[in-house]
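J.: Structure incoming, see below.
The values are calculated or read from the model by the stated rules, or taken from the named source; none is laboratory data. Source: prediction; values computed, not measured. As a convention, Cβ positions derive from the backbone with ideal geometry for all residues, glycine included, and neighbour counts pool all protein chains shown.
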Amino acid sequence: MTRYLAALCVAGATCFSTAALAALPYPTNVNTLIARTDTTLIGQKIEVPKNPTVIVSSSTFAPGARTPVHKHLYPHYVYIMDGTLTIVNTETGKSYDEKAGTFFLEMLNTWHYGINKGAVPVHTIVIDQVPAGVKANHVLKDPKEAAEWHAH
């Protein structure tokens, strides 16, 4: 009898909560998958540092703006909100045009730069996963360009 009452209570609660959700004056949450990957832009497997610190930032690239040549030692995730950002691998000369709505992981331990070749600003959201105590996830090829580094 106790099991029957417990089952009846669970069923009643489920029906009540479903009915309550249906009666809400606003639509419920809809999730849309943007990307699913386990590799970087150039096919490297992602290795997340143990107990990482997560750094989230936004960047704006005016038309013609670019980063200095640099590399990332840890995962560097990028979502392009507006515009098209070109990532240039300076080791191979290959470039990747990443458009608005695109999510990707930049290459690891590989010299590259990002540039806005378009006529409109590029807006990004960037997420880095770094070991505790690491302040930035980039190494500049030419340290004299540090003053030119913006929001990376």
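J.: If you go through segment 51-70 one residue at a time, how many are of a type outside the set (S, T, N, Q), surrounded by 15 or more Cβ atoms within 10 Å (Cβ to Cβ) and part of a strand (DSSP E or B)?
T.: Number satisfying all stated conditions: 4.
J.: Something else now. Would you mind stating whether Tyr74 is in a strand (DSSP E or B) and of a type outside the set (S, T, N, Q)?
T.: For Tyr74, the condition - in a strand (DSSP E or B) and of a type outside the set (S, T, N, Q) - is not met.
So that you can scan it fast, the table gives a plain yes or no per residue for (1) touching a Phe, Trp or Tyr at 6+ places or on another chain (Cβ under 6 Å); (2) over 13 Å from Arg66 (Cβ atoms):
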| site | (1), (2) |
| --- | --- |
| Thr92 | no, yes |
| Thr102 | no, yes |
| Glu106 | no, yes |
| Asn109 | no, yes |
| Tyr113 | no, no |
| Asn116 | yes, no |
| Val120 | no, yes |
| Asn137 | yes, yes |
| Ala147 | no, yes |
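J.: Quick check on this structure: which one of Ile87, Ile42, Ile80 is part of a loop (DSSP other than H, G, I, E, B), within 18 Å of the chain's Cα centre (by Cα) and closer than 18 Å to His112 by Cβ? Full working, then the answer.
T.: On the way: Ile87 fails: part of a loop (DSSP other than H, G, I, E, B); Ile80 fails: part of a loop (DSSP other than H, G, I, E, B).
Matching residue, one of Ile87, Ile42, Ile80: Ile42.
J.: Restricting the search to segment 60-106, which residues are within 20 Å of Lys141 (Cα to Cα) and of a type in the set (Gly, Ala, Ser)?
T.: Result: Ala65, Gly93, Ser95.
J.: Please list, ordered by first then second residue, the pairs with beta carbon atoms under 9 Å, 6 or more apart or interchain, first in segment 130-149 and in a helix (DSSP H, G or I), second of a type in the set (S, T, N, Q) and at pLDDT 90 or above.
T.: Between residues of segment 130-149 that are in a helix (DSSP H, G or I) and residues that are of a type in the set (S, T, N, Q) and at pLDDT 90 or above, the close pairs are Glu145/Thr67; Glu148/Thr67.
J.: May I ask you to verify whether Thr92 is part of a strand (DSSP E or B), surrounded by fewer than 20 Cβ atoms within 10 Å (Cβ to Cβ) and either modelled with pLDDT of 95 or more or among the aromatic types (Phe, Trp, Tyr) (or both)? Walk me through how you get there before you give the answer.
T.: Numbers: part of a strand (DSSP E or B): no; surrounded by fewer than 20 Cβ atoms within 10 Å (Cβ to Cβ): yes; either modelled with pLDDT of 95 or more or among the aromatic types (Phe, Trp, Tyr) (or both): yes.
The answer is no for Thr92.
J.: Across segment 122-140, which residue is modelled with the lowest pLDDT among those that are farther than 12 Å from Tyr74 by Cα and surrounded by 14 or more Cβ atoms within 10 Å (Cβ to Cβ)?
T.: It comes out as Leu140.
J.: Among the residues of segment 110-120, is any among the small types (Gly, Ala, Ser), buried (at least 16 other Cβ atoms within 10 Å of the Cβ), modelled with pLDDT of 95 or more and not in a loop (DSSP other than H, G, I, E, B)?
T.: Of segment 110-120, the ones among the small types (Gly, Ala, Ser) are 114, 118-119.
If we keep only those that are buried (at least 16 other Cβ atoms within 10 Å of the Cβ) too, we end up with 114, 118.
Right, trim to modelled with pLDDT of 95 or more and you get 114, 118.
Checking which are not in a loop (DSSP other than H, G, I, E, B) leaves us with 114.
Within segment 110-120 (the criterion being among the small types (Gly, Ala, Ser), buried (at least 16 other Cβ atoms within 10 Å of the Cβ), modelled with pLDDT of 95 or more and not in a loop (DSSP other than H, G, I, E, B)), the answer is yes, since at least one residue qualifies.
J.: If you scan segment 27-41, which residues turn out to be within 30 Å of Asn109 (Cα to Cα) and either hydrophobic (A, V, I, L, M, F, W, C) or touching a residue at least 40 places away in the same chain (Cβ under 8 Å) (or both)?
T.: Just the residues of segment 27-41 that are within 30 Å of Asn109 (Cα to Cα), to begin with: 33-41.
The answer is Leu33, Ile34, Ala35, Thr37, Thr39, Thr40, Leu41.
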